[in-house]
Amino acid sequence: MAELGLNEHHQNEVINYMRFARSKRGLRLKTVDSCFQDLKESRLVEETYTVDEVTEILSGLQAVVHSEVESELINTAYTNVLLLRQLFSQAEKWYLKLQTDISELENRELLEQVAEFEKAEFTSSNKKPIIDITKPKLIPINEGGTTELLNKEILRLQQENEKLKSRLKTIEIQATNALDEKSKLERTLQDLQLDQGNEQDFIKAHDLDDLENTVAALKNEFQKTLNDKTENQKSLEENLAAAKHDLLRVQEQLSMAEKELEKKFQQTAAYRNMKEILTKKNDQIRDLRKRLARYESED
């Protein structure tokens, strides 16, 4: 038996639609046949006709058949739109974006495959029982199994990414405060040295040694404070480096999760949606790198 590459449930849905289409097609063909029959009974009553009379009869028949065929084609198009609307509505409930390839509608090989499928399903010898078409709507995607685990892992990585971003921001603030305090201490030392130079002419000789000792003590204290601040700055820089490594690790995990999703959704539009989200996250990480680069250049 010809197959369409669908699971049993979806294939039954296709069969129901084909049964509906065959029924509508049969009714419309009967209508066209009746147009010719009415013409035979109402107009073909004479034994001979002139060219003008034949032309008039055929023109009238053409108008009637044209109207019937056009009405059926329009109705078929509208019916297909309603069918697509059902599918898209179900997909939107799951935040999916479906895409169609219009060019495939004229693929002769696929059309012949559908014809073989219809022939196999609706021949008198293989005709199957009518399937109830009022069944519940399809569930677009099964959210269990590997897909659910991947989604949970992506959510966890995103939360971890937010925590690392918050931690990085805190470290940047601490580093900025440490640099400001270092600058203040350096200005204080310069002011003390300037004050010492200006006051040397006014200080008595016996106070000079005490002043020098005081300045030396201040220098030692400042140097100690400066060393402490330098060590603190190094520690902050190490924390920044560790945060960078964590960000790179999170980015790598996000990339791995994205690849796993690509394997699961490479034939669906959900893959593209998820990829857009991961791309935005990568853009945010690149923005953080730029901010770190600015900080390092200022340092």
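With a 1.4 Å probe and every protein chain left in place, tell me how much accessible area S183 has, in Å² to the nearest 10.
Solvent-accessible area, nearest 10 Å²: 40 Å².
Quick one: how many Å² of I15 are accessible to a 1.4 Å probe, rounded to 10?
Its accessible surface works out to 10 Å², give or take rounding.
Exceeding 26 Å between C-alpha atoms, which entries from my cross-link table qualify? They are K93/K152; K234/K275; K234/K259; K163/K259; K152/K290; K97/K169.
Flagged as over cut-off: K234/K275; K234/K259; K152/K290; K97/K169.
Can you give the accessible area of H9, probe radius 1.4 Å, in Å² rounded to 10?
H9 has an accessible surface of roughly 80 Å² with all protein chains in place.
Hey, what do the phi angles of segment 286-294 turn into as Karplus ³J(HN,Hα) couplings, whole Hz, using 6.51/-1.76/1.60 and θ = phi - 60°, x for Gly and Pro?
Those phi angles translate into 5, 5, 5, 4, 5, 5, 5, 5, 5 Hz.
The values are calculated or read from the model by the stated rules, or taken from the named source; none is laboratory data. Small disclaimer: the values here were computed from a predicted structure and weren't measured. Protein only, heavy atoms only, side chains kept; ligands, DNA and RNA dropped before computing areas. Shrake-Rupley method; radii C 1.70, N 1.55, O 1.52, S 1.80 Å.
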